[in-house]
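Data first, discussion second: the structure below is written as structure tokens.
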């Protein structure tokens, strides 16, 4: 298996695990800071435990190895977590997730103008197609009068924070950034501990919070942090956009939150662009 194919499968699996996240957040029904505490605690603890079990004493060296990059990822993740939870609580799930589709734009800009990395022409074409799909969704949102400026801005901040995370991880290809995601989880936990109105929850919320904290968040973030070791950060961001397709569908099926025909049409454009981009990339890798 080529490096690109390996990165593709790691990232795709992470996105599939992450896709029910918004639905579970809605079902949990907790204040943003309270949920952020449990998400952070679960992510930090589960990943740290997995590293201890699989690497033993080597886990300590793995944590030390991430250095300042791990702390930067922790800060960026905390900011993105807060903005994501705020946006989910103030907008339709489809709107939030499709605004996150700006992520590859930020990734490509960071790669080109901050890191000085070349960005393939197909990536720019795919970004253009994705933005066209977002435009279709935005037309539907404006027509329905369901926009929320702060929720929109929060989603954009989330997209930028994840683009920064992927850029940092992409620069550290020789090191696993999985320990950095554990650090990020604990960092988010301690910050939210100071701001949460309380940490208690109803019995009905427990199973949803458990799924978020013990499976979805640690599993998805660990896999997604590995993607940039094998893929360009912009490509990782593009694959992440699949959550914007699967997430709203799950919310629609379970909570009857119909995203609208405009959103479905835009989602089809995004999904088609991603499929073509990744097929083209795999063909290039196989020829090489």
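Take residue 192 and tell me if it is over 15 Å from the mean Cα position of the chain (by Cα) and on the phi < 0 side of the Ramachandran plot.
Yes.
Given the criterion in a loop (DSSP other than H, G, I, E, B) and at pLDDT 85 or above, identify the matching residue among 176, 200, 192.
200
Do you know which of the residues in the range 244-271 that are within 30 Å of residue 2 (Cβ to Cβ) and either out of contact with any helix residue (DSSP H, G or I) (no Cβ under 9 Å at 6 or more places or on another chain) or surrounded by fewer than 24 Cβ atoms within 10 Å (Cβ to Cβ) (or both) is modelled with the highest pLDDT?
Checked the range 244-271; the qualifying residue modelled with the highest pLDDT is 269.
Sort through 44, 74, 14, 40 and tell me the only one that's in a helix (DSSP H, G or I), within 15 Å of the chain's Cα centre (by Cα) and over 17 Å from residue 228 (Cβ atoms).
40
If you go through the range 141-150 one residue at a time, do you hit one that is outside any helix (DSSP H, G or I), at pLDDT below 75 and crowded, with 16+ Cβ neighbours inside 10 Å?
Yes, the range 141-150 contains at least one residue that is outside any helix (DSSP H, G or I), at pLDDT below 75 and crowded, with 16+ Cβ neighbours inside 10 Å.
Filter the range 110-123 down to the residues that are in a helix (DSSP H, G or I) and touching a residue at least 24 places away in the same chain (Cβ under 8 Å), then identify the one that is nearest to residue 160 (Cα to Cα).
110
Which residues, taken from the range 15-74, are at pLDDT below 85, surrounded by fewer than 22 Cβ atoms within 10 Å (Cβ to Cβ), over 26 Å from residue 196 (Cβ atoms) and touching a helix residue (DSSP H, G or I) at 6+ places or on another chain (Cβ under 8 Å)?
Those that are at pLDDT below 85, surrounded by fewer than 22 Cβ atoms within 10 Å (Cβ to Cβ), over 26 Å from residue 196 (Cβ atoms) and touching a helix residue (DSSP H, G or I) at 6+ places or on another chain (Cβ under 8 Å): 65, 69.
Quick check: anything in the range 77-85 over 19 Å from the mean Cα position of the chain (by Cα), crowded, with 20+ Cβ neighbours inside 10 Å and part of a helix (DSSP H, G or I)?
No - not one qualifying residue is present in the range 77-85.
Does the range 87-96 hold any residues that are more than 19 Å from residue 242 (Cβ to Cβ) and buried (at least 21 other Cβ atoms within 10 Å of the Cβ), and which are they? Can you show your working first?
We begin by selecting, within the range 87-96, every residue more than 19 Å from residue 242 (Cβ to Cβ); these are 89-91.
Listed by number, the list holds a single entry, 91.
For residue 275, state whether it is without any contact (Cβ under 8 Å) to a residue 40 or more places away in the chain and either within 13 Å of the chain's Cα centre (by Cα) or surrounded by fewer than 18 Cβ atoms within 10 Å (Cβ to Cβ) (or both).
Taking the combined requirement at face value, the residue satisfies it.
As an exercise: evaluate residue 108 against (1) on the phi < 0 side of the Ramachandran plot; (2) at pLDDT 80 or above and give the number of the one condition it does not meet.
All conditions pass for residue 108, except number (2).
Can you tell me which condition residue 259 does not meet? The list is (1) assigned to a loop (DSSP other than H, G, I, E, B); (2) within 19 Å of residue 230 (Cβ to Cβ), and all the others hold.
Evaluating residue 259 over (1) assigned to a loop (DSSP other than H, G, I, E, B); (2) within 19 Å of residue 230 (Cβ to Cβ) leaves (2) as the failure.
The values are calculated or read from the model by the stated rules, or taken from the named source; none is laboratory data. Remember, predicted model here, so these are calculated numbers, not experimental data. Counting neighbours? That spans all protein chains shown, and the Cβs are built from the backbone with ideal geometry, glycine included.
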